[in-house]
Each structure stands twice: as C-alpha cells, then as structure tokens.
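Visitor: My questions will all concern the structure given below.
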Amino acid sequence: MSLFLSQNSVNQYLTSINGIEITLKREDQLHPTVSGNKFRKLKYNLLEAKQKGYHTLLTFGGAFSNHLTATASAGKILGFKTIGVVRGQEERISNHSLQFCQDQGMILYPISREDYSKKHLPELIIHLKNKFGNFYLIPEGGTNNLAVRGCKEILTEDDECFDLIACSVATGGTLAGLIESALPHQKILGISALKNQNLIRAIQKWTSNYNWNINHDYTFGGYAKVSPSLIDFINTFNKNFKTPLDPVYTGKLLFGIFDLIESKQWPSGIKILVIHTGGLQGIEGMNQKLLKKKWPKIIT
Ligand SMILES: Cc1ncc(COP(=O)(O)O)c(C=O)c1O
C-alpha cells in the first residue's frame with residue numbers, strides 16, 4: 001500500500017550537554033497526516049484489514065486523539081470507511097481534531113465516559129456491529145500485536161551507535177516495539193505521559209526483554225495536563241532547534257530528557273536517540289485551552 005512505502009525517518013542531531021549527545025528521530029515527518037508512531041501502528045493493521053477483505057475500520061479515541069485523526073486520514077487514503085467512537089458525549093464535535101476526522105469522511109460516534117470505559121467488553125462491540133455492520137477493530141491508541149510489529153521498524157541500522165533510546169509512553173505499544181528491536185548494548189527509556197499503574201504489566205505482555213525502564217516523573221499531573229514551564233520549554237525548544245513538540249507526549253519527553261541530563265543522571269560520553277512520535281495536530285486544541293486559562297500559547 002503506497003502510504004506505507006517510504007518509511008525511514010531522518011535523525012536530527014540536536015546538541016551536546018555535559019558530554020551527552022542528543023539526537024532526535026523525526027518520525028513526525030514520515031507523512032503530513034499519518035505521522036509518528038501512528039504510521040507505524042497502522043501499517044500492519046491496515047495491511048491485515050485489506051488482506052482480510054474489510055471495508056470499514058472502527059476505532060476509539062478522545063476528542064483530541066492523534067490516533068483518531070491518523071486513522072481517519074489513512075482510511076481515506078486507502079479507501080476504507082472509518083468510524084471513530086469518541087470518549088465523552090459532552091465533547092463538541094467541532095474541535096479541530098474531530099473536524100479533521102469528519103473532513104476525511106470518518107463517522108464519529110460519541111459515547112458517554114461510562115460506556116467508553118466498557119470498550120473492551122463484547123456487549124459494546126456487538127452494539128457497534130449492530131449499528132455499523134462488520135468492521136476491522138483497531139483498539140484505542142492503536143496498540144496491538146500488529147502495531148508493536150510496526151513499531152519494531154522505527155530503529156534502523158543507522159541507529160546502532162546510540163546507547164539509550166527514549167520515547168514517550170501511554171499504552172506502551174511504541175516502547176514495546178523499540179524494546180524488541182534494540183541491540184544488546186542499547187537501553188530503552190520510556191517517559192510516561194500519564195499516570196498508568198498498569199503500564200509495566202501492559203508492556204510485559206508485548207516483550208520478555210529486560211533492557212528497559214519507565215520514568216513517571218514528567219507526567220505534569222496526568223494525561224494532557226500542562227504547566228507554564230512545560231509550554232515555555234516547548235516554545236524555547238522550537239526556537240532553538242526549529243522543531244515543534246506536542247504538549248501531551250513529545251514535549252514532556254524532551255523536558256524529561258533535558259532535566260535528567262542536567263541532574264547528571266547519565267555519564268558523560270553516552271549518545272541518546274529521542275523518538276519524535278508526532279502528535280503535532282493536537283497543538284491547536286491545546287492552544288484553545290491555554291487561551292481560556294490566559295496562558296501563553298504554543299508557537300508553531
Ligand atoms: C504522539 C504520540 N506519542 C506517543 C504516544 C504513546 O504511544 P503508546 O500508546 O504506544 O505508548 C502516543 C499515543 O497515543 C502519541 O499520540
């Protein structure tokens with residue numbers, strides 16, 4: 001499928017601090033609308049859906065979900081009908097992300113938070129099949145076996161020189177792919193974007209390797225929570241490196257990496273590869289929230 005043909009992203013050297021080199025893998029540049037880890041997670045799922053003759057994709061996400069926008073766009077490009085089950089009926093369908101989904105032809109189906117929490121249960125899936133007919137189901141955040149397989153393709157032989165590979169974590173699917181494809185001398189660090197007590201167990205479902213750990217110190221209070229210092233960091237980073245970061249995942253990731261280097265977490269001489277997993281479409285929605293709080297906005 002042509003969407004998934006070109007798949008090597010560029011490594012952008014950023015800087016050296018305390019003798020530690022930081023390089024950014026620009027997965028966000030893989031495609032304008034199906035970018036970052038979404039590109040990786042959708043690849044084998046959509047190949048499977050085509051091969052098995054499905055015409056419709058159904059998936060789940062919040063009102064600003066990167067996964068929903070990427071699925072809507074990939075579906076349109078590859079000729080699938082798409083259905084997005086949206087968390088929370090109070091969310092207006094008119095925000096930037098959901099409007100984009102609809103512009104790609106995605107049918108949005110908002111459900112209450114309570115019903116959404118039952119998304120793993122067969123009752124809800126049966127209800128959705130009765131309503132929409134048969135579909136290929138992609139879980140929330142896109143993480144399943146095939147997604148992890150896609151995420152194994154993030155690292156290439158050009159990345160052998162790195163000692164530490166760092167990535168933002170929510171469901172852990174992206175990290176699992178990195179863990180599985182890392183070389184024996186490489187360690188994988190996940191910086192958690194949210195408070196998730198079950199994260200370690202979730203990742204252990206996808207891998208039996210021990211070359212990784214998760215840092216929970218940079219969640220900024222939880223999923224999609226931000227602070228003026230995080231926004232300031234994102235804007236300064238963009239000014240210095242001409243590279244945008246999103247406030248939910250990659251902003252927290254880079255904030256954490258720079259902070260850990262400043263606090264001398266690692267010995268001088270190591271080389272860190274940080275994965276830019278995309279998510280930039282979410283900046284507009286966050287800026288609307290920041291405007292309401294009268295905080296500075298994220299500059300793009
Ligand atoms: C831009 C971005 N980065 C990182 C992640 C975390 O990926 P995972 O859920 O595989 O841990 C997500 C999750 O949806 C994301 O949208």
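Visitor: Separation of the range 126-155 and the range 207-268 by C-alpha centroid, Å?
Guide: 28
Visitor: Moving on. At q = 0.14, 0.17 Å⁻¹, what is the log10 ratio I(q)/I(0) for the range 57-176, with the Debye formula run over Cα points and no solvent?
Guide: The computed values of log10 I(q)/I(0) come out as -0.64, -0.89.
Visitor: Contour minus end-to-end for W295 and N18, with contour as 0.36 nm per residue of separation and end-to-end as the Cα-Cα distance?
Guide: Between W295 and N18, full extension yields 96.5 nm more.
Visitor: What percent of all Cα-Cα pairs in the range 216-288 falls in each 5 Å bin, counting up from 0?
Guide: Percent of Cα pairs in each bin: 3, 15, 26, 27, 17, 8, 3, 1, 0.
Visitor: What whole-number value in Å² describes the accessible area per residue of the chain for a 1.4 Å probe?
Guide: 46
Visitor: How large, in Å, is the chain by the Kirkwood hydrodynamic radius built from its alpha-carbon pairs?
Guide: One over the average 1/r among Cα pairs gives 19.6 Å for the chain.
Visitor: Further question on the same structure: What net charge is computed for the residues neighbouring Q12, neighbours being all others with C-beta under 14 Å from the C-beta of Q12, Lys and Arg scored +1, Asp and Glu -1?
Guide: Net charge around Q12: -1.
Visitor: For the range 1-111, count the residues as N, evaluate 2.2 N^0.38 Å, and divide the Cα radius of gyration by that value, please. Write out the running numbers ahead of the final one.
Guide: On the way: Rg = 16.4 Å, N = 111, 2.2 N^0.38 = 13.2 Å.
Normalised Cα radius of gyration, the range 1-111: 1.25.
Visitor: Roughly to the nearest percent, how much of the accessible area of the chain is carbon and sulfur, given a 1.4 Å probe?
Guide: Percent of accessible area from carbon and sulfur atoms in the chain: 51.
Visitor: Please list, or write none, the aspartates and glutamates whose alpha carbon is within less than 14 Å of the alpha carbon of K292, excluding same-chain residues fewer than 8 places away.
Guide: Those aspartates and glutamates meeting the cut-off are E284.
Visitor: Which listed residue (S9, V274, S168) has the Cα farthest towards the positive end of the charge dipole for the chain, taking +1 on Lys and Arg C-beta and -1 on Asp and Glu C-beta about the Cα centre?
Guide: S168
The values are calculated or read from the model by the stated rules, or taken from the named source; none is laboratory data. This one's a predicted model, so the numbers in the text were calculated from it and none came from an experiment. With ideal geometry, Cβ positions are generated from the backbone for all residues, glycine too; neighbour counts draw on all protein chains shown. Remember, those area values only see protein heavy atoms, side chains included, never the ligands or the DNA or RNA. Shrake-Rupley method; radii C 1.70, N 1.55, O 1.52, S 1.80 Å.
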